[in-house]
Each structure stands twice: as C-alpha cells, then as structure tokens.
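Visitor: Got a structure here, written out as structure tokens. Questions coming.
The values are calculated or read from the model by the stated rules, or taken from the named source; none is laboratory data. It should be emphasised that the depicted structure is a prediction, and the values quoted were computed from it without experimental measurement. Reconstructed Cβ throughout: ideal geometry from the backbone, glycine too, with neighbour counts over all protein chains shown. Accessible surface areas use protein heavy atoms only, side chains included; no ligands, DNA or RNA. Shrake-Rupley method; radii C 1.70, N 1.55, O 1.52, S 1.80 Å.
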Amino acid sequence: MYCAKIELINNVQVLSDTIYIDQLSTPPDAPPDEEDEFEDEGDEYAEGNERQKRKWPDKSAEVPRKYEVIGTVLDREYSCPEDVTVINSNDQGLLLSELMICSVIIYDITQEPDQIKEACWVLKEIVHMLESTEKKSPKAFKREEPTRHFILISTIMTWAFTKPLNPSDPDLPFTEADYRKRKPHPNYKEHIQCEREVVAVKKIANLKNILKTLVICCGITYGEEEDPLHYLFKMAWQNTPFLPIFGEGRNKIPLLHVRDLAATVSSVLQNWPPMRYIVAVEQELISQNTIVKKISQGLTTGKVKNVSKEEALLLPEVSQQIYDQMTVDLNIDPVYVIDRIRWYFEMPFRDIVDAVIEEYKAARNLRPVKIIVLGPPASGKTRVARYLAKHYGIPYVHVKTLISDTIQKLQSRNSKVDDIEAAKADTAQDDLRDAAESAVGDEGKGAKEEDAEDKKEIIVSPVKLQEQLDEIRSNMAANNGRLDDIILNKLFLNRLDTKDCLNHGYVMDGHPKTLEQARSLFLISEESLEEAEEKFVDENVEVRNDAAILPELVVVLEASDEFLKERIINRPEREIQNTHYTEEHMLRRMREYRERNTDDNTPLQLFDEMEIHPLVISVETDTCPDMFPTIYRCLEKLGKPRNYGPTAEEMEIARKRTEAEARAAEIAEKLRKEREILECKRQREEKMTEWMNLMEKLKQEEEERLCILAEPLQHYLMKYVFPTLTEALIEVAKLRPEDPIDFLAEYLFKKNPEGRMFEPDYTETMSMLLDAIGRQQNDVLPREGLEADVAQFLKRQDELSTTDKIEKSEMQDVGRQIDAISILERSSEYEGINDSETEELNFAESITDEFEDKA
C-alpha cells in the first residue's frame with residue numbers, strides 16, 4: 001500500500017480529473033528506495049482525503065498510489081471532481097500555506113500568461129522559506145524536511161525560432177538534450193524565462209535533495225474539450241463555409257493528447273527523471289493542412305481556405321496566441337517519454353480524428369436534438385416545429401421547403417461547370433506540389449498517404465445533376481405537383497445526412513405521414529444505402545446508418561375534427577384565402593389524415609417498436625394563441641439547448657439589429673418629444689390668445705360698469721330700474737295676485753334669472769369671463785403673476801363696493817323726491833282704458849304717494 005501524497009495543481013480542470021498512476025511507467029527492476037521516493041513518512045494526510053486514481057484499461061490489478069489533490073481553477077464555474085480541493089489563488093497567504101504542505105506542485109503555464117508570474121512567485125517563495133528553515137536549524141532540516149517536487153508544464157513555443165542543428169540537414173529533429181539551444185517565439189519570452197528559473201533551482205546546492213524541479217515542454221494539446229484546436233472544432237461544428245489554413249499550411253506541428261500529458265506527469269511522479277528538461281510530443285508530426293482538412297471532413301463540408309495573417313486575425317475565433325501556435329514549424333523527438341508511457345492513441349492524429357471528434361462532442365455536451373412533429377391539419381404543428389427549431393438552433397425540415405431547396409441547389413450546382421473544371425485543375429496542381437514536398441522515407445510515405453486521402457472529393461458531373469433535376473420535375477408533373485414516396489424519401493435521407501443535421505439535429509414538420517414512409521426513412525437496408533451513395537450525392541452529405549438520424553422525440557398533436565373546423569372558421573378570411581385551409585382542401589386533408597392514422601396503420605407503430613415513445617399532446621385544452629403550454633411540454637421533455645448558442649455572425653447580426661432598434665427608438669422618442677413641445681407651444685399660444693381676448697372683454701366690462709356708476713342717479717334709475725319695475729307694477733295691477741310682493745319678486749327674477757341678490761355687481765358676462773380666466777390660469781400665467789393679478793382684482797372690487805355703498809345712501813336721499821309722474825306717463829300710452837282700470841291706476845298712484853310719505 002502506497003501512502004498518500006498531497007499534490008497542488010494550478011488550472012486543475014486540465015489535469016486533475018486525469019491524474020492516475022501508470023504501473024507500467026515504473027521499471028520492474030527499480031530499486032525500492034527509488035520506487036518509494038515520494039512516500040510520505042507520516043500518514044497524516046492520507047486519512048479521509050485519499051482517492052483512488054483512474055487507471056488505464058487492461059492494466060495490472062496492483063494497488064495504485066493515492067493522492068490528495070489541491071488546485072486552482074481559471075473558470076469558477078468549472079465543476080471539479082469531488083475529491084479535489086479548490087483554493088483561491090488570489091489569497092496569497094492561503095495559497096502559500098497550502099503549497100508548503102504539498103509534496104508535489106504542478107504549474108501549467110500553457111494557457112494563461114498570468115500563470116507565469118504566479119509560478120515564478122511560488123517557486124521563489126518556496127526557495128526562500130526552505131533556505132530560511134535551513135539557516136535556522138540545518139541538522140533538523142536535512143533530517144526531517146521532506147522532499148518537494150516542482151513540475152512546470154510549458155509549451156513547445158519556446159522552441160519555435162530555434163535554428164536547425166545542421167544547416168545542411170534542416171529536417172534533423174531536436175531532442176530535449178538540445179534545450180539550451182532553444183529560441184522562443186517573440187511572444188513567448190516570458191515562458192522561456194520561467195523555464196530557466198525552474199531549471200536553475202538545481203544549482204542551489206543546499207536544496208539539491210530537498211527541492212527537485214522539472215520542466216515538461218509539451219506539444220500543442222488536443223482532445224477532450226480541446227484548447228488550441230478548439231476554434232477549428234467550433235467553426236466546423238457550426239458549419240462555417242470553410243475552415244481557415246494560415247498561410248500555405250505546410251508547417252509541421254508537434255501535437256500531444258491531453259491524456260498523454262497526464263500520463264507523462266504521472267510517469268515522472270513515479271520515476272523522477274535525472275534530467276531537468278523533457279519534451280512530451282507525439283512521435284509523428286502532422287502538417288497544419290492535414291489537421292484542418294481532417295477536422296473539416298469529420299465535422300463539416302470538408303472545405304478549407306488558405307488565408308493570410310491579416311484575414312486570420314479578423315476571424316472572431318482566432319487570437320494571436322492561436323495563430324502563433326498553428327503556424328509553428330518544428331521537428332522534435334520525445335526521446336525520454338516515448339517508451340515510458342502508454343499512449344492514449346497508438347495511431348497518429350490523421351487516423352483518430354473521428355474518435356477525437358466524439359471526445360470533443362461528449363466533453364462539451366454537443367449532442368444533436370432530433371425532433372419529429374406530427375398531427376392533423378390545423379393542429380398547430382408548424383407553429384410548434386418552427387418555435388422548437390428557433391429555440392434549439394437546429395434546421396427546420398418541411399417537405400415543401402425541402403423540394404424547393406433541392407431544386408434550387410441542383411440548378412445552382414449545374415450552372416457551375418466551369419468552377420468544377422477549375423477545381424479539377426487546382427487539385428492536379430496541388431497533387432504535384434504535395435508530391436514534390438513529400439520527403440523520402442517513412443515520413444514521406446505518410447505524407448503521401450495523408451495528402452492522397454485529403455484530396456478525395458466528390459465531384460458530380462453536370463449530366464448527373466441534370467438527370468436528378470429532370471427526375472424530380474417529371475415525377476412532380478406526373479403526380480399533380482407532388483413527389484412519390486421513393487423520390488421524397490431520397491430527398492429526406494439526403495437532407496438528414498448533411499453535416500448540420502448530424503451535428504445539430506433537426507425538426508421535421510409533418511413527415512413521415514404513413515407507416516411505409518417511416519420504415520423507408522428510418523429502417524435503411526444495405527441496398528438503400530448503396531443507392532443513396534449513387535444518387536443525390538452532396539459534398540455536405542455523409543451516408544450513415546439509421547441510428548444517426550433517428551429522432552430523439554416524436555411529438556404528436558391531437559384534436560377532434562370539430563375542434564379543427566372551428567379553429568379554421570375563427571381565423572380571419574384573409575389568412576385562409578389562397579391556402580390549403582379552404583373548406584374543400586381542409587375536409588380532404590382531414591379525411592386523408594384519419595385514413596393514414598388508424599389503430600393498425602400509423603407511423604407511431606415504428607417508433608414504439610424502436611422504443612421512441614411519442615409525446616401525445618391534446619391541443620384542445622391549449623387556449624393560448626401561441627400554443628406556449630404545448631411548446632413548454634416539449635421543452636420540458638427535451639431540456640436545455642445542447643449547442644454553443646448563436647454563432648459569431650448571428651451575434652453580430654443580433655447586435656446590429658439591437659443597435660438599429662435602439663437608434664430607431666431613440667429617434668422616435670426624440671421626434672415624439674419635439675412634437676409634444678411643438679403641440680404644447682401651439683396650445684400655449686392659443687390659450688394666450690384666448691386669454692388676451694378674455695382680458696380685453698373683462699376690461700370692457702369693467703369700463704362699462706364704471707361708466708354706469710358714473711351716471712347721475714336719476715338717469716341711472718330711469719334707464720336701468722324703472723322700465724322693468726314699471727312693467728312689473730303694471731302686471732301686478734292687471735292680475736292682482738294674492739301675494740303681490742312674491743309675484744313682483746318672481747317677475748323680476750324671470751327678467752334676470754342669473755342675478756344674485758347679495759351681489760349687486762354680478763353680471764352673467766362678467767361671470768363667464770371670470771370662469772374662463774380661472775380655467776386657463778394654470779396653463780397660461782405663472783402662479784406668482786396669477787396671485788398678483790387676483791389680489792389687484794380683489795382690491796379693485798373692494799373699492800367699487802365702497803363706492804356702491806356711498807351711491808346707495810345718496811339714492812335713498814334722492815328717492816324721497818322722485819315724482820311718480822314718470823309711471824303715469826308710461827301708463828298714458830295705453831288708450832281705451834275703462835273706468836275700472838282708471839280706478840286701479842288711481843289706487844296705484846295713492847299707494848305710491850303713501851310709500852313716499854313713509855319714506
């Protein structure tokens with residue numbers, strides 16, 4: 001039983017889950033003291049913190065060593081294994097305290113430049129603390145201080161500009177023994193400086209057996225989630241038109257699978273090498289051309305394009321670091337590790353691309369979402385299918401769009417005969433160039449095989465394309481605009497076998513309609529596969545077995561005929577005209593659907609046999625116009641999208657659309673405010689005009705009132721009082737009411753219904769003016785000006801009230817001297833008065849006299 005070791009790893013997401021002990025990496029004749037070099041004298045860290053590390057398959061059943069892993073992560077959202085303790089590297093005190101209890105420290109500086117300074121700082125602090133301890137108690141230090149191991153994982157880019165060992169033989173490979181001659185890429189000078197500091201620790205004599213350091217210079221890593229090559233995998237998975245090759249692409253790139261890097265670390269932990277610098281790369285070099293083409297063929301159309309440095313750096317996925325790594329040209333042999341580890345793949349990269357692609361998809365959870373939506377006409381299956389396609393970012397496949405797209409594509413390809421001939425000529429030139437480039441020996445042989453495979457392209461003759469197009473058109477003409485099941489099935493197979501459907505998935509709307517169509521589409525025989533390879537061949541199509549295109553979910557929408565008819569009737573007429581939802585077409589389609597989907601004959605039988613049980617949803621209970629309850633049940637069944645989300649182009653389009661909408665909204669808001677300001681200005685001007693008119697009328701009313709008050713009292717009474725009062729008295733004399741005073745009051749009230757008894761100055765015109773002014777006072781005048789005008793108006797009213805009191809007293813004095821002759825003169829106008837009326841007038845005259853005497 002080996003004791004536990006405490007190990008600290010930065011960027012633990014790279015190595016922690018693949019740390020294991022390779023039993024084959026320890027030579028069988030290794031001495032016991034060397035084999036147990038890392039054995040901890042105490043078991044204080046073993047209890048409760050150990051975990052058994054993963055072993056390669058088919059290894060011996062020996063008990064592996066156990067490690068307690070402590071590490072830092074670059075991505076805080078990364079989910080580490082449960083037995084890995086993650087610490088915060090920003091807290092230097094905590095980090096240093098954890099470092100001092102670790103017997104193995106591994107620092108990876110290949111990904112983030114910030115890790116270089118941290119690695120140098122950590123190494124410097126460890127050396128400083130160990131030297132301080134050695135000075136305080138040198139004997140105890142030699143006797144009790146455990147051995148620590150510091151491993152720096154660096155990059156092959158520190159060799160990028162190294163001059164050839166032999167100018168006459170530039171293909172002579174480097175080895176780790178030549179590490180002192182290495183020259184770094186200009187952007188990797190900090191990396192080589194860190195390497196030198198790690199190597200220089202061995203020169204400290206008093207720490208020679210206490211702190212052991214090692215630099216592992218690894219190639220460009222690939223595998224799992226990918227890192228330097230991730231941009232190629234992502235662009236290919238997103239079906240970009242081509243993958244870029246930087247420059248001519250002939251440079252040889254040293255690669256290394258990430259699991260082989262973990263195996264190298266595990267090997268040196270068990271058997272510490274005598275040298276201070278080792279190289280970990282794959283034995284066979286591979287050109288950039290081959291890497292890009294193999295990934296393109298495995299994930300997308302297989303098309304590549306040579307781009308310049310300026311064009312490459314304009315790509316959103318390509319950084320300066322990626323460009324530097326993909327343009328390195330280096331021939332180096334991994335002398336030390338070649339026989340000390342079991343390589344994860346025994347074959348070179350060109351032969352394992354499919355396995356690497358599957359690793360990539362599994363690590364990033366890039367699984368296709370394949371859906372079929374079935375249902376009767378007008379059940380809403382198209383709405384549901386389009387929403388699912390948009391939500392998951394997958395192709396929408398419908399029979400009408402499939403036929404039209406196929407015809408358009410065949411016509412487009414048939415019109416490019418000259419381009420095909422040019423492509424043939426370019427292919428011949430490339431073959432000549434690559435043949436001249438190939439070297440003699442095994443490497444040259446491998447390059448020839450590699451280039452021969454890369455140049456395999458499917459070129460369809462124009463005659464064959466025209467035959468396919470004619471077949472589709474003639475079949476549609478013979479079937480009243482429709483395709484028979486055989487041709488239609490070929491088109492669907494061709495579409496589902498394209499790279500975008502194989503990578504992302506699909507949503508198939510309303511197909512297959514019959515059990516026979518379902519069987520011919522998803523139960524493919526060998527004869528059908530051979531025929532599919534010969535007909536409707538597309539460079540974007542890869543003929544596979546039925547498992548690759550089988551749906552993940554089959555959604556079936558159900559509703560009664562009455563409900564479907566009612567739904568169509570309730571639609572606006574403009575949506576139904578010139579569509580297949582007219583009454584005649586609708587009845588025919590519903591009848592055909594019921595005939596095709598009986599209990600004994602339905603495409604759902606095939607899916608049940610394949611254990612793809614359909615999700616049956618009744619749409620009669622879905623009252624939402626957008627069918628969100630139905631869609632939610634589908635989303636709940638499928639889960640979250642399994643892709644990268646929008647592409648860089650889609651994000652750019654969405655960003656531009658958002659900016660355009662924001663600008664349009666801003667302009668609209670600005671125009672709205674301007675219109676509001678102009679409207680308010682116009683309304684204010686109108687109110688000001690009205691206000692001025694009202695004030696003018698008010699001024700005229702006041703002037704008229706003042707003129708009235710300035711008249712002599714007698715004239716005032718004769719002009720404004722006596723005419724009405726005389727008429728009232730005449731009426732009283734004529735009618736002789738029981739209550740003459742009340743009658744007189746009523747008569748006078750009828751003559752002036754708006755009059756106010758206790759406001760003798762009140763007039764209807766004045767009241768209307770004051771009311772209009774009051775309604776507009778807040779819109780036209782500021783509050784301070786309004787209050788001043790009101791105060792001035794009230795003061796004027798008080799002055800007028802005082803003048804009225806004085807004049808009333810004078811009127812009472814003069815009233816006693818008023819002669820009633822005026823009344824009699826008025827009465828003389830009436831001719832033909834009888835004697836009774838004369839007596840009434842005399843009586844009225846006597847009453848007037850008595851009234852004057854009393855006054």
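Visitor: Quick one: Pro629 ticks every box in (1) out of contact with any His (no Cβ under 9 Å at 6 or more places or on another chain); (2) open to solvent by less than 100 Å² (accessible area, probe 1.4 Å); (3) under 27 Å from Gln517 (Cα atoms) bar one, so which box is it?
Guide: Exception for Pro629: condition (3).
Visitor: Quick check on my filter: what residues within the range 634-655 are on the phi > 0 side of the Ramachandran plot and modelled with pLDDT of 80 or more?
Guide: Gly639 - this is the single residue of the range 634-655 that is on the phi > 0 side of the Ramachandran plot and modelled with pLDDT of 80 or more.
Visitor: Take the range 258-273 and flag every residue that is more than 16 Å from Gly219 (Cβ to Cβ) and either more than 45 Å from the chain's Cα centre (by Cα) or of a type outside the set (Gly, Ala, Ser) (or both).
Guide: Val268, Leu269, Gln270, Asn271, Trp272, Pro273, listed by residue number.
Visitor: Something else now. If you take the residues in the range 339-356 that are aliphatic (A, V, I, L, M) and touching a residue at least 12 places away in the same chain (Cβ under 8 Å), which one is nearest to Asn271 (Cα to Cα)?
Guide: For the range 339-356, the residue satisfying everything is Ile341.
Per-residue answers, yes or no, for (1) hydrophobic (A, V, I, L, M, F, W, C); (2) without any contact (Cβ under 8 Å) to a residue 12 or more places away in the chain; (3) assigned by the TED database to the domain that holds Leu214:
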| position | (1), (2), (3) |
| --- | --- |
| Pro113 | no, no, yes |
| His128 | no, yes, yes |
| Lys136 | no, yes, yes |
| Leu152 | yes, no, yes |
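Visitor: Name, by its number, the condition in (1) open to solvent by 30 Å² or more (accessible area, probe 1.4 Å); (2) within 16 Å of Met275 (Cα to Cα); (3) among the charged types (D, E, K, R) that does not hold for Lys189.
Guide: (2)
Visitor: What's the total number of residues in the range 529-571 that are modelled with pLDDT of 75 or more, open to solvent by 60 Å² or more (accessible area, probe 1.4 Å) and of a type outside the set (A, V, I, L, M, F, W, C)?
Guide: 7
Visitor: What pairs come up if the first residue lies in the range 182-206 and is farther than 20 Å from Asp329 by Cα and in the same structural domain as Ile278 (by the TED database), the second is open to solvent by less than 70 Å² (accessible area, probe 1.4 Å) and among the charged types (D, E, K, R), and their beta carbons are under 6 Å apart, counting only those six or more places apart or on different chains?
Guide: Val199/Arg276; Lys202/Arg276; Asn206/Glu134
Visitor: Output yes when any residue across the range 246-253 is buried (at least 21 other Cβ atoms within 10 Å of the Cβ), out of contact with any His (no Cβ under 6 Å at 6 or more places or on another chain) and closer than 24 Å to Ile341 by Cα, and no when none is.
Guide: yes
Visitor: In the range 114-146, which residue that is closer than 19 Å to Val198 by Cβ and exposed (fewer than 13 other Cβ atoms within 10 Å of the Cβ) is farthest from the chain's Cα centre (by Cα)?
Guide: So, considering only residues that are closer than 19 Å to Val198 by Cβ and exposed (fewer than 13 other Cβ atoms within 10 Å of the Cβ), the one farthest from the chain's Cα centre (by Cα) is His128.
Visitor: Find the residue count for the range 577-588, including only residues that are modelled with pLDDT of 75 or more and buried (at least 16 other Cβ atoms within 10 Å of the Cβ).
Guide: Summing the residues that are modelled with pLDDT of 75 or more and buried (at least 16 other Cβ atoms within 10 Å of the Cβ) in the range 577-588 gives 1.
Visitor: Filter the range 163-181 down to the residues that are in contact (Cβ under 8 Å) with a residue 24 or more places away in the chain and either touching a His at 6+ places or on another chain (Cβ under 6 Å) or among the aliphatic types (A, V, I, L, M) (or both) and list them by number.
Guide: Leu172, Ala177
Visitor: Related question: Please go through the range 206-223 and pick out each residue that is of a type outside the set (Ser, Thr, Tyr), touching a strand residue (DSSP E or B) at 6+ places or on another chain (Cβ under 6 Å) and open to solvent by less than 40 Å² (accessible area, probe 1.4 Å).
Guide: Leu211, Leu214, Val215, Ile216, Cys217, Cys218, Gly219, Ile220, Gly223
Visitor: Ok, one more. Does the range 190-205 contain at least one residue that is more than 27 Å from Glu125 (Cα to Cα), out of contact with any strand residue (DSSP E or B) (no Cβ under 6 Å at 6 or more places or on another chain), modelled with pLDDT of 90 or more and not small (Gly, Ala, Ser)? Explain how you work it out, then say what you get.
Guide: Going through the range 190-205, the residues more than 27 Å from Glu125 (Cα to Cα) turn out to be none.
Within the range 190-205, not a single residue is more than 27 Å from Glu125 (Cα to Cα), out of contact with any strand residue (DSSP E or B) (no Cβ under 6 Å at 6 or more places or on another chain), modelled with pLDDT of 90 or more and not small (Gly, Ala, Ser).
Visitor: If you don't mind, there's one more thing I want to ask. Is one or more of the residues making up the range 159-168 modelled with pLDDT of 85 or more, polar (S, T, N, Q), touching a Leu at 6+ places or on another chain (Cβ under 9 Å) and closer than 22 Å to Ala280 by Cβ?
Guide: For the range 159-168, residues modelled with pLDDT of 85 or more, polar (S, T, N, Q), touching a Leu at 6+ places or on another chain (Cβ under 9 Å) and closer than 22 Å to Ala280 by Cβ: present.
Visitor: In the range 487-504, is there at least one residue being part of a helix (DSSP H, G or I), without any contact (Cβ under 8 Å) to a residue 24 or more places away in the chain and farther than 25 Å from Ala362 by Cβ?
Guide: The initial filter retains those residues of the range 487-504 that are part of a helix (DSSP H, G or I), namely 487-496, 499-504.
Still in the running and without any contact (Cβ under 8 Å) to a residue 24 or more places away in the chain: 487.
Those still in the list that are farther than 25 Å from Ala362 by Cβ too: 487.
Yes: one or more hits.
Visitor: If a residue must be under 30 Å from Thr175 (Cβ atoms), at pLDDT below 90 and buried (at least 19 other Cβ atoms within 10 Å of the Cβ), how many such residues does the range 227-245 contain?
Guide: 1
A quick yes/no check of all residues on (1) free of Cβ contacts under 8 Å to residues at least 40 places away in the same chain; (2) open to solvent by 90 Å² or more (accessible area, probe 1.4 Å); (3) in contact with a Gly (Cβ under 7 Å, 6 or more places away or on another chain):
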position	(1), (2), (3)
Lys670	yes, yes, no
Glu679	yes, no, no
Lys687	no, no, no
Glu696	yes, yes, no
Arg705	no, no, no
His715	yes, yes, no
Val721	yes, no, no
Leu729	no, no, no
Glu738	yes, yes, no
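Visitor: Something else now. Among the residues of the range 188-209, is there at least one that is part of a strand (DSSP E or B) and of a type in the set (D, E, K, R)?
Guide: Looking only at the range 188-209, we keep the residues that are part of a strand (DSSP E or B), and these are none.
Scanning the range 188-209 turns up no residue that is part of a strand (DSSP E or B) and of a type in the set (D, E, K, R).
Visitor: Would you call Arg574 within 36 Å of the chain's Cα centre (by Cα), part of a helix (DSSP H, G or I) and at pLDDT below 85?
Guide: Yes: the conditions hold for Arg574.
Visitor: While we're on this one: Does the range 301-319 hold any residues that are of a type in the set (Asp, Glu) and either touching a Cys at 6+ places or on another chain (Cβ under 6 Å) or exposed (fewer than 14 other Cβ atoms within 10 Å of the Cβ) (or both), and which are they?
Guide: Result: Glu310, Glu311.
Visitor: Read through the list (1) more than 33 Å from the chain's Cα centre (by Cα); (2) not assigned by the TED database to the domain that holds Ile109, then give the number of the only condition that Gly298 fails.
Guide: Among (1) more than 33 Å from the chain's Cα centre (by Cα); (2) not assigned by the TED database to the domain that holds Ile109, Gly298 violates only (1).
Visitor: Further question on the same structure: Filter the range 605-626 for residues that are more than 19 Å from Ala385 (Cβ to Cβ) and surrounded by 17 or more Cβ atoms within 10 Å (Cβ to Cβ) and give the result.
Guide: Leu606
Visitor: Output yes when any residue across the range 499-517 is small (Gly, Ala, Ser) and at pLDDT 85 or above, and no when none is.
Guide: yes
Visitor: Kindly indicate whether Val292 is closer than 24 Å to Ile357 by Cβ, touching a helix residue (DSSP H, G or I) at 6+ places or on another chain (Cβ under 7 Å), of a type in the set (A, V, I, L, M) and open to solvent by 30 Å² or more (accessible area, probe 1.4 Å).
Guide: Judged against the criteria, Val292 is not a match.
Visitor: Could I ask something else about it? Would you confirm whether or not the range 590-604 contains a residue that is out of contact with any Leu (no Cβ under 9 Å at 6 or more places or on another chain), free of Cβ contacts under 8 Å to residues at least 12 places away in the same chain and surrounded by 15 or more Cβ atoms within 10 Å (Cβ to Cβ)?
Guide: No, that holds for no residue.
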